[in-house]
Each structure stands twice: as structure tokens, then as C-alpha cells.
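Just so you know, all these numbers are worked out from the coordinates, no wet-lab data involved. Not measured: the values here are computed from a predicted model. Here the Cβ is made from the backbone with ideal geometry for all residues, glycine too, and neighbour counts use every protein chain on show.
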Amino acid sequence: MAEVKPDEISAILRQQLAGFDNEAEIYDVGTVLQVGDGIARVYGLSKVMVSELVEFPNNVMGMVLNLDEDSVGCVLFGESQLIKEGDTVKRTNRLASFPVGNAMLGRVVNPLGEPIDGKGSIQHDAFMPIERKALGVVTRQSVSEPLQTGITAVDAMIPIGRGQRELIIGDRQTGKTAVAIDAIINQKQTHTQEAKENGIEPVFCVYVAIGQKDSTVAQVVAKLEEHGAMEFTTVINSGASTPAPLQYIAPYAGATLGEYFRDKGQHALVVYDDLSKQAVAYRELSLLLRRPPGREAYPGDVFYVHSRLLERASKLNDSMGGGSLTALPIIETQQGDVSAYIPTNVISITDGQIYLEPSLFNAGIRPAINVGISVSRVGGNAQIKAMKKVAGSLKLDLAQYRELEAFAKFGSDLDKATQRTLSRGARLVELLKQGQYSPIKVEKQVVSVFLGTQGLLDEIPVKDIKRFEQEFIEYLELKENDVFVSIRKEKVLSDSIVNSLRTNAQEFKNKFQVSE
Amino acid sequence: MSSFNISTRYAKALMEFADVRNLLEQVSNDMIMLEDSILKSKELIVVLRSPIINKDKKDLILKEIFANKVEKVTLEFLLFVNKKNRENILLEIIKRYNEIRKIKLNRVDAKIVSVIDFSDEQKNLLQAHLKEISDKTIIPSYSIDETLIGGFTVKINDTVIDSSIKQQLKKLRKNLVKN
């Protein structure tokens, strides 16, 4: 039997523990004066910085938010029951920060970067402070590349560019998260070999869940995994049961991770789901810190809370590597009231909004996007030429349709032109309906929008529109796949393609069986 | 205004006044004595903070206790604080005075905690060392805490120099968990 000598063991132990220095440690301390409601007032800590992490007993971390003359106000990231008056607080000399690196992809973490998915520790590259100043004017360039969401209605009419901030706003249960999740799932195609050949760079995604039910987040993660989207996505979760300070810092942590990719010259998409809950969390801790309340009891700097977060979305210029950080903040409105405090704030900060309506949702129009008041202020430049060409009249047609929609019940009493507008509109609305988790590639979007706006669907009954579109695309894929390849590669709609689309559509229409 | 601001203002005023009268040394000694004696007497603190006991009574109490033990200026100051309805923060004012005085004199308290008593030689060595580090006159106070296991800690203002075995074990534990 082999023998293990005790001095061998100690030699190995010594070797393994080498690098552990036993020098005296020097640190700054303070004493807890008062604690409760997730807030602690600390005496001492005289050299502490704002937003520095401090260490309480029982492994509770805190962050300094108020520096007063004779005390320091900290928010606690753990339970306040574990801390009592007179406890010693230690400085960490580290600003609140978040671990970054490619190892974060595919993981579910809390806003401090600690894994909560049970997959073990994360070998991160570095820690970056969660509060960073947004980049200045000289380092940026205007939005120029598209960020395809895979949702036809969005990509055609409310296009989002890489580096843009597009707000998704709507009441509860209108599919806000669904739009964002679809956008994340659709980024899978940017990670393929095919995208690489076409010069499309991969987009890394961060999904920040703030104040949501943990079961909902688990469902989202499961969906992302099912569609193979978790490989390039990090989920930062601060659920409804986590302390308000963690919910408050979660979006900044997400932005930090996004910036890591952006600064490497890569592309990132960060979804903040949702910022109204973050504002509520910030209101809670502000009131506990005794900052004066303002409108709707939010503190005076709630605008700055969101503006400095969303300002970090950017498209860098080429000398900075050309990376981008796209932000999709989500805001939940109450009873469609967009003139409440937080919605107006965020609407004014972002570069456009996608407005989702419960009435449309209930009428079966999904995604329930109200095209009339949804806009994208900068994304137009990022749209590919082919899409720009076919989608030009789409918004106008739909606007005219909505104007006349009220008269639809008069039916045949209307004049020809009105009838035409109505029937065109009804078909376009039908065309833009799309199931959840089924993103459509941009070349197929171009073809279906082309069908609609060119009036090629006008004779097809409304109930058959979806089937016609699907079958036509399958037919075209088999017969003339070159059309798709050429749109994907050239990104323009040449006359020859237009002609081929027209003739093929006519041919197919003759073969198409209208359902009874 | 917070009591911190108020006590700072009163303390500074007294210091300036004493300086003008060339009584700074004596008044400062009085203040140290006052802090000690007030801290030792719980009843006095309660009386000073009590809003039920009226001003004249408090005047009498203060006079009776301190009349022959402190400078005239100091006694006048105590009565003045009482007159201005600030007797409830008298202790804070005195504490603040002593703090400011220490900063002015470049003195600093050092709380030294160890497992066993230091010998005088060790104490001298440590104090000389601390003086070198902090560049200030050290006023040491020693105490014993056996939970440190070994070594000692020094606390100067908010900064702790920790060379105890307890802290090193904590650090070792952290290192092991991390890897």
C-alpha cells in the first residue's frame, strides 16, 4: 500500500496556500448608528466614496449613497435583520461594480454578478464599475447598422438601429416582454456562419429583469434556452423579493456588461424589463434615505436616473472600434396613461417608442403595435435599402386605413377609392400579424411587405392572407431561391427582382386555393 | 439644523473666546474634566436632557456642581448654553470641543487591542512606531480581547491596522473559498 507522509501533505498544503501573505491589514471602519428598512446610517468611514461598496457583518454588502456631515447613508444588499446597532462596517475601497467577460454569457446572475443558476462560479475577466459616465460626442457616430428584431411590423415601420434606444411601452399583458424576447432570439442568426459571410456582426444580449416574478424569469430563460439564444445572452435578475437597492442597480449592471462588448468593438443589445419598477425601487430607497419627494413621490433626480442609464447606449465611431450598445427599455403604463411621470420622462429620453395597445391585443392583432403613435427617430438610416423601398408606403396605407376604419361597416355604400383603401388596410394588418418566438428573416420580410404594398394581395380573402404569404414564400424558396439570396447579399431591390417577384406572385395566385 | 452643526458652532466659539482671554489651556483642561465627569454620572445627563426640569433649577445644579472646580469662563459658558436652551446637547458640545482641540494640537487617540498585556518596552516601541506612521502625537488606550487569538489591532480615527490572527484566518478562509 502506498504511504502518504505527513510532511508531504504539509508541503503540498504550503505550496497551495502560497501567495497568501500574512501582513497586517489596514482598512477603514465605521459603526452602525441606525438600521432598518434596508438602510443603515453609519458613523465613521470618513474617507468613503459615494457608491462605494461597504461590508457589514454576516456577509451583507451595502452601497454608500449619502455622505452627510456626521454620518454616511448606506443601502443594504442583504437583509437588514442581520445587522444591529453598533456593528462594525468595513470599507472595501471598491466602487459598486459588475464582473464582465465572455464567461458571463449563458448565465443567470444577480445585479452584483453572483451566479444564481446553480452552474458554479464564473471566471470573469475584470470588474467594471456599474456607474460609468456615458461617452461624449467625439467618440460617437450616427446609427447606421440595422438591428433586426425579426418582427415584420417593427423592422418595416419602426426600424431599430444598432446603438439606438427604443422604448417598448404599453399596459400590462400587451406583449412588451414578448417583443424584447423575440428581438433577442432573432440575434441568433447574427452568430451564424452565414451572417459572417454577409458581413453581419454578432450581437450579444443582456436581459435585465427588474422586480419580476422569479417564475416569469425562469420561463423566459427556458424559452431562450429552447431557441438556442442563451449561448450569447446574460440574464441579470433582481426579482420582486430582492431588496430595492439591488433592483435599482440592476439596469446599470446590465449597461456595464453591454459596454464591455461595445468597447471591444462588438455589438450588444440590452433589454431593461422594466424601468417603471426600477423607478419605484429608487423611490423607495430615496424616501428611506429621507430625500425630499417630488411629483408622484419620486425624488427630484428620477429623470437623471433614467437619462444617465439610457445615455450609455451608443454607436462608437470607427476609431473607437465601431462597437454599439442598443437599449430596449420597457415601461409599463397604467390604463394606457402615457402622460404619467415616468413614461413621459423615458419617452423624451429615448429615440422612439413602440406602443402596444390592449385593444389591439384583444382584437387578435399581435404584436399589438399601434403603428400610428409608434416611431423610430433614428432607425430609418439603419434600414436596408430593399426594406426602405417596399415599406415606404406601408405606414401611409395603414394610417389611411385607420382613418376610414370607422366607416367600414357601411360596406358597399362607400365609393370605390374608400373601399380600396379599406380592403388594402385590412390585408396589411393581417400580413403584419406574427406569432411569438417566430422571428422572420429580413429577406422574407421584404417579400411579404412587397406583396402587401404592391396590392398583390388585394384579391385574396383576408382570412387566407397569412396562408398565402407563407405558401408563397415556400414556393419562391423552392423555385427561385436566388431572389432571397440576392436581397440578403445586395440589400437592394433591383428591377429584375421586382419583376421576378411580380410574375411569380401572379403565377402563384392562379394556383392558390382559396379556402371555403 | 443637526445637533452636530450646532455643537461644532458652540465649541468653536468657546475655543476662540478662551483664546482671546488667554485661558485656552485652563478651559481645555476643564472640558476634558467635564466630559469625564458628565459621562460618569448618568443622572446628570438625564437631568440636562429633561425638559420638565426648569431652567433656573438647571442653573442652580450646574453652579452647585462645578462652581469651584472650573474656571469662571467655563462656568459662564455652561450657564450660557443652558440659557440658550441647548443644555440637552451640552455633552455633545463638550465632546466636539475636545475633538476639535485634539485636531488643533495634532493629537490622536489610538485604541490598541491585544490578547496579552504589552510590556512597557513594547508599548514605547509601538507608540513610537504609530507616531511615525500617523505623524501625530498618540494618546494610547490599551484593552484586552482574547477573541483575537493572537497579535493586536490599532484603531486610529477610522483606520484600523489589523495584525490579529483572527483577521488572518478570515482572510485565509476568503482566499480558499474564492479558488
For this session: Extending each Cα 7 Å along its Cβ direction at A:N510 and B:A13, get the distance between those two points in nm, one decimal.
Result: 10.4 nm
Exercise. Shape of chain B from its Cα gyration tensor (a ≥ b ≥ c, root eigenvalues): rounded if a/c is under 1.5, otherwise prolate when a/b > b/c, or oblate?
Worked result: prolate
Problem set entry | Cα-only Debye scattering, region A:12-153: base-10 log of I(q)/I(0) at q = 0.10, 0.14 Å⁻¹ | -0.53, -0.88
Exercise. What does the charge dipole of region A:388-511 about its Cα centre add up to, to the nearest 20 debye, if the Cβ of each Lys and Arg holds +1 and the Cβ of each Asp and Glu holds -1?
Worked result: 280 debye
Exercise. Can you pull the Rg over Rh of region A:372-516, Cα-only, Kirkwood?
Worked result: 0.97
For this session: Let me know the Rg and Dmax you get for region B:3-103 when you use only its Cα atoms, in Å.
Result: 12.6, 37
Exercise. How fast does region A:36-101 diffuse by Stokes-Einstein, in µm²/s, taking the Kirkwood radius from C-alpha pairs at 25 °C and 0.890 mPa s?
Worked result: 206 µm²/s
Exercise. Given a Förster radius of 41 Å and the C-beta distance between A:A426 and A:V485 as r, what FRET efficiency does 1/(1 + (r/R0)^6) yield to the nearest 0.05?
Worked result: 0.80
Exercise. Quick one: Debye curve from the C-alpha atoms of region A:332-413, no solvent, what's log10 I(q)/I(0) at q = 0.11 Å⁻¹?
Worked result: -0.42
Problem set entry | Formal net charge of residues neighbouring A:F484 (Cβ-Cβ distance under 13 Å; K, R +1; D, E -1) | -1
Exercise. Tell me, what is the FRET efficiency for A:F127 and A:S319 to the nearest 0.05, using R0 = 25 angstrom and their Cβ-Cβ distance as r?
Worked result: 0.40
Exercise. How large is the charge dipole for region A:201-275, taken about the Cα centre, if only the Cβ atoms of Lys, Arg (+1) and Asp, Glu (-1) carry charge, to the nearest 20 debye?
Worked result: 120 debye
Exercise. Between rounded, prolate and oblate, where does region A:99-383 land on the alpha carbon gyration tensor, with a ≥ b ≥ c its root eigenvalues, rounded for a/c under 1.5, else prolate if a/b exceeds b/c?
Worked result: rounded
Seminar exercise, completed: Among B:K63/B:K83; B:K104/B:K155; A:K5/B:K170, the pairs whose Cα-Cα distance exceeds 24 Å are A:K5/B:K170
Exercise. Out of region A:67-140, which trypsin sites (Lys or Arg not before Pro) are coil in DSSP terms and have no more than 13 other C-beta atoms within 10 Å?
Worked result: A:K84, A:K119, A:K133
For this session: Compute the normalised compactness of region A:109-265: alpha-carbon radius of gyration over 2.2 N^0.38 Å, N being the residue count.
Result: 1.07
Seminar exercise, completed: Rg from C-alpha atoms of region B:106-178, normalised by the globular rule of thumb 2.2 N^0.38 Å, equals 1.20
For this session: For region A:1-108, build the charge dipole from Cβ charges (+1 Lys, Arg; -1 Asp, Glu) around the Cα centre, then report which of A:I83, A:V35, A:G101 sits farthest towards its positive end.
Result: A:G101
Exercise. Considering the Cα trace of region A:210-278, what is its radius of gyration and what is Dmax, both in angstroms?
Worked result: 12.7, 36
For this session: Could you rank the peptides B:80-88, A:445-453 by their average count of other C-beta atoms within 10 Å per residue, with the highest value first?
Result: A:445-453, B:80-88
For this session: Please state the charge dipole magnitude for the protein assembly as shown, taken about the Cα centre, from unit charges on C-beta atoms (+1 on K and R, -1 on D and E), reported in debye and rounded to the nearest 20.
Result: 1160 debye
Exercise. Which value in nm describes the separation of the simple spin-label points at A:R377 and A:R467, placed 7 Å from the Cα toward the beta carbon?
Worked result: 4.5 nm
For this session: Could you give me the percent of Cα pairs per 20 Å distance bin for chain A, shortest bin first, beginning at zero and ending with the bin that holds the maximum distance?
Result: 20, 47, 24, 8, 1, 0
